[in-house]
Amino acid sequence: MSRTPPGNTTVVDRIRGGALDTVSAGIVRWGFVAVTVLLIGFFALTEPNFRTADNMFGMLKFIAPTAIAGLGVMLAMTVGGIDLSVGASAGFAVSIAAWTMVVGNQVGGVAVGVVLVGGALIGALNALLIVVARIPDLLATLTTMFVIVGLKLLIVDGKSISSQMTLADGSSAPGRFTPDFLWLDRGNIGPVPVPVVIFIALTVLLWFVLERTKWGRALYAVGANAEAARLAGIRVLLYRTAAYVGCGLLASVAGLLLAARIGQGDVSAGNSLLLDAMAVSLVGVSVLGMGRPNAWGTALGAVLIAVMVTGFTMIGLPYYAQDFGKGIVLLVALLFSFTFSRKRTVVVAGSMTN
Amino acid sequence: MTHDSTALLEGDDRAPVVSLRGVSLSYGSNVVLRDVDLDFAPGRITALLGANGAGKSTLIKALSGANPRYAGSISVAGTEVALTSPTVARLHGISAVHQKVADGIVPGLTVAENVLLDNLAGARGVMRSRRRDLAAARRALALLGLDWSDRVLSQDARDLRISDAQLVTLARALRHTPRLLILDEPTSALTSAEADRLFDVLRALRADGLAIVYVSHRFGEIEALADSVVVLRDGTVQSHSPRPFEWNGILHDMLGRATELAQKREHVHRGGTVVAEVQGVPLFPEARPLSLTIRGGEVLGVLGLIGAGKSELAEVLGGLARPAGGSLTLNGAPYAPRRPGDAIAAGVVLVPEDRQRQAILPGWSITQTVSVPFLTESSRWGTLRRDLETDRAAAVVADLEVVTESVQTSTDDLSGGNQQKVIVGRWLSANPRLAVLDEPFRGVDIAARRGIGAHLNTLAQSGNAAVVFSSDVDEILEVSDRIVVLVAGEVALDGYADTLDRATIVTAFIGADTTPERTTA
Ligand SMILES: Nc1ncnc2c1ncn2[C@@H]1O[C@H](COP(=O)(O)OP(=O)(O)OP(=O)(O)O)[C@@H](O)[C@H]1O
Ligand SMILES: [Mg+2]
């Protein structure tokens, strides 16, 4: 039996293995950020309009609803779930806000309250179906999606709601989109547009809750192994419910921003939100190399999409080429997280019921 | 014992089936195997021993193609081969049952399909016949003396308890006759009757000329089964020894310090105050109500076969399951936890039987895993304090001598026994009023077992209660002051360790003392 003297070839192995791991971890962690910075740099150099502060805020404002809905999906993903109803919830919020102000003749504050309650209820419905009725999350939220789209159309008679529109009985609607509501889109706090403030505030809030508090840790524990979390004393049902309710709330905030932007209760609003929200939350899993749903990653994913769409538009790329660009970005992100990463990626969206 | 300098064991002139030369393996910067030379001869059972984290499972992963990133050479029947995948290894006649049972089970497939998994993976037989599958699966299980109904065979394998899942993986491996069969702690989840049956099968295979590698932390099994012992420590081969085994030397090679194989309890404590009482609780539908008093100041060992109601009792105490009838008290007051969280708040902690399924959080660090039950203690205004979390984890790692590079290491990267130590340690760090441990020694080495035993003793001596559930007589004898034998949900024997002898316990346990003494001093 021959024994290697300790630390002979092994020291070399140690260094080589260590360096390789560090490089790989670095690529995974910062690769995506680098892509974003490079793109911003490229557009800023080639397009003078791109590098103005107005454009920077404009991009963030443009992407805020998508980003906030994406944060909602991200929250559902922390408990190992998924929410396909975010787009529908946002659309529901648009119509309900308009209906409350225009038909119900209420001020914007009331509309905001009604919409948020509605969003929480949609989240609670999802939680009920998933947690209590034990329907797999993909199916449950798909069902909810149809239900609330249908409910929205029933409430507004299938029509878009605009200020002073003609009602079914021939009279004209009593209310209109009030200035306080429109402030949600057009207002500024200091130099910063309100949607951007809301977007950043929610990102920071979710980052803090998820990464720094015991509640966030518990959410992740439920997502990692629900049975183990339960045995460790975590109220699994409560946390899963909270995640879906939170998701519903975030989706309705996204809807409020959309409604304020459009200035009317467009029935088709929110239709394209689902796929974008899903994309940014999934991109968020991979960027920063965290391998799990997280707030900053999601926000960064949204920013990158905004940069691409704006930049492509400015350099004259037709709108129909932009989805292709988004697809490439998502592909790159997923390659980073699943193929190049040595860390096991935990999230398996939409596969759990128990 | 001989510290051989030649690779072949003395007097063994048969050409080895599989030889390793200079095999090394590292995970990142952590060198886990260094220059291992080994030969496995046909018709021999080689026991591979070593402390938790010594590199046993890693060696097996290299040998079975599960980790092809090894350096050095492995030859089969004299020709060097590249074991790049489990399929390649199987083609060369090497087949393995790995330590993590859950990894060997495909959830979503039926139990029968799991037994026949290798067929499903193969190119042949695209069309499956349910009836033929059931028959084939039953034949495979019959080899282990199991007679499972079609209903069990057709259910989703996800729902199997760990012992049954282990039997499925064993039945699968035994369906083929490989040249080298490797079993990594196959009995840690089995009861003695099932283990004995497995040993009969292994002896028969040995007689057929198979080479067998067998990993276990239960020395009684090694004594009963193995032809030679190889000790691994820190990734290097420390010694080979042929029979008869000289255990003190082997233990020294394993742990690097002198350790007694069998440890007699010096003081058998008699408990005082009643900590918890179980009154008339039926453990399963057909069982008669069970009553049991749990006292502070003593370690209570509950011995029982699978199906005796051990896990059911543990789950009732830990708030995982509601009792079907009767009542519980804790510290004299009624105790009816609705969920594990209630039990924990009341000072009752449960170490569950299946760590992979019930305790490990994939991808989580040791610190985070240790911290999960203590999130409130480790936070202020809801904000987690990393320093408190790290302190607790560091204490657990130091206490139970967990082999790891740091507390930030992912629990996925720990050896099986070290994962178990992290889980047991985190619950003991709660300083519970009542600690309930269901098979806490599963996969831990002898030193860690002693360490956990000492902890339980300390806990009891501070007036609290500890209940250890196990299906291994010797484990129970080693840690318990008081011993309760559970048979079909009822107490068959209840007495203090110094008033009972082993034969009495075993008789109560399995009806008659048929098992050989598992530890030999
Ligand atoms: N996937 C992995 N990544 C990094 N390190 C690992 C990995 N798997 C194992 N290790 C390390 O390799 C060492 C040997 O582990 P191994 O599982 O081979 O031990 P073992 O002898 O089987 O122990 P046990 O008796 O506890 O099963 C341990 O220190 C462990 O931390
Ligand atoms: Mg092992």
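The values are calculated or read from the model by the stated rules, or taken from the named source; none is laboratory data. All figures in this text were calculated on a predicted structure; none of them were measured in a lab. Cβ placement follows ideal geometry from the backbone for every residue including glycine, while neighbour counts extend to all protein chains displayed. Just so you know, the surface numbers come from the protein's heavy atoms only, side chains and all, with ligands and any DNA or RNA stripped out. Shrake-Rupley method; radii C 1.70, N 1.55, O 1.52, S 1.80 Å.
Quick look at the numbers
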{"read-out": "Test item: B:231-238 mean partner chain Cβ contacts at 10 Å", "value": "2"}
{"read-out": "At R0 = 41 Å, FRET efficiency that the Cβ-Cβ distance of residue B:261 and residue B:284 yields, to 0.05", "value": "0.65"}
{"read-out": "FRET efficiency for residue B:77 and residue B:119, using Cβ-Cβ distance with R0 set to 22 Å, rounded to 0.05", "value": "0.30"}
{"read-out": "Accessible surface of the protein assembly as shown [probe 1.4 Å, protein heavy atoms]: carbon and sulfur percent", "value": "59"}
{"read-out": "Inter-part distance where region A:125-159 and region B:175-212 are each reduced to a Cα centre, Å", "value": "54"}
{"read-out": "Other-chain or far-sequence residues with amide H under 5 Å of residue B:492's (modelled H)", "value": "B:485, B:486, B:487"}
{"read-out": "Environment charge at residue B:381 (Cβ cut-off 14 Å; Lys +1, Arg +1, Asp -1, Glu -1)", "value": "+3"}
{"read-out": "Extension gain (nm, one decimal) between residue B:149 and residue B:458, 0.36 nm per residue minus Cα-Cα", "value": "106.7 nm"}
{"read-out": "In sequence order, calculated HN-Hα J values of region A:70-87 (Karplus, 6.51, -1.76, 1.60; Hz; x Gly/Pro)", "value": "x, 4, x, 4, 4, 5, 5, 5, 4, 8, x, x, 7, 9, 7, 8, 4, x"}
{"read-out": "Span from the region A:293-315 Cα centroid across to the region B:271-326 one, whole angstrom", "value": "57"}
{"read-out": "Whole-Hz ³J(HN,Hα) from phi, Karplus 6.51 cos²θ - 1.76 cosθ + 1.60, for region B:270-278, glycine and proline x", "value": "9, x, x, 4, 6, 8, 9, 9, 10"}
{"read-out": "Cα-Cα P(r), region B:274-510, percent of pairs per 10 Å interval", "value": "8, 33, 36, 18, 5, 0"}
{"read-out": "Relative contact order (%) - criterion: Cα under 8 Å, at least six apart; region: region B:106-159", "value": "59"}
{"read-out": "Rule-of-thumb Rg ratio for region B:343-447 [Cα; 2.2 N^0.38 Å; N residues]", "value": "1.01"}
{"read-out": "Heavy-atom accessible area per residue - the protein assembly as shown, 1.4 Å, Å²", "value": "41"}
{"read-out": "Span-like helix ranges in chain B, DSSP H, alpha carbon extent 15 angstrom or more, Kyte mean at least -0.5", "value": "B:162-175, B:192-207, B:386-399, B:416-428, B:446-461"}
{"read-out": "Separation in nanometres of the label points that stand 7 Å from Cα toward Cβ, at residue B:501 and residue A:235", "value": "5.6"}
{"read-out": "Euclidean distance between Cα centres, region A:32-64 to region B:458-508, Å", "value": "70"}
{"read-out": "Residues whose placed amide H lies under 5 Å from that of residue A:135, excluding near-sequence neighbours", "value": "A:130"}
{"read-out": "Mean separation of Cα contacts under 8 Å, 6 or more apart, over the residue count of chain B: relative contact order %", "value": "16"}
{"read-out": "Under-5 Å amide H pairs with residue B:72, H placed in peptide plane, nonlocal only", "value": "B:24"}
{"read-out": "By average C-beta atoms within 10 angstrom, highest first, the peptides A:287-299, A:100-112", "value": "A:287-299, A:100-112"}
{"read-out": "Shielded by partner chains, region B:375-395 residues - at least 20 Å² of accessible area, 1.4 Å probe, vs chain alone", "value": "B:375, B:376, B:382, B:383, B:384, B:386"}
{"read-out": "Estimated [θ] at 222 nm from DSSP helical runs (n ≥ 4, -39500 (n - 2.57)) normalised by residues in chain B, nearest 500", "value": "-9000 deg cm²/dmol"}
{"read-out": "B/A buried area, accessible surface, summed, 1.4 Å probe, Å²", "value": "3200"}
{"read-out": "Per-residue average of Cβ from other chains inside 10 Å of B:332-339", "value": "1"}
{"read-out": "For region B:117-208: rounded, prolate or oblate by the Cα gyration tensor [a/c cutoff 1.5]", "value": "oblate"}
{"read-out": "Global geometry of the protein assembly as shown, whether rounded, prolate or oblate, following the gyration tensor of its Cα atoms and the 1.5 cut on a/c", "value": "prolate"}
{"read-out": "Volume of the Cα convex hull of region A:49-339, divided per residue and given in Å³", "value": "137"}
{"read-out": "Förster radius 25 Å - calculated FRET efficiency between residue A:121 and residue A:169, Cβ distance, rounded to 0.05", "value": "0.30"}
{"read-out": "Under 15 Å, Cβ to Cβ, from residue B:64 - net charge with Lys/Arg +1 and Asp/Glu -1", "value": "+3"}
{"read-out": "Helical mean residue ellipticity (222 nm; -39500 (n - 2.57) per DSSP H run of 4+; nearest 500) of chain A", "value": "-22500 deg cm²/dmol"}
{"read-out": "Overall dimensions of chain B as given by Cα atoms, namely Rg and Dmax in Å", "value": "23.2, 70"}
{"read-out": "Cut-off 11 Å between beta-carbons: net charge of the residues surrounding residue B:300, Lys and Arg +1, Asp and Glu -1", "value": "-1"}
{"read-out": "Global form of region B:143-300, assessed from the alpha-carbon gyration tensor, a/c cut-off 1.5", "value": "oblate"}
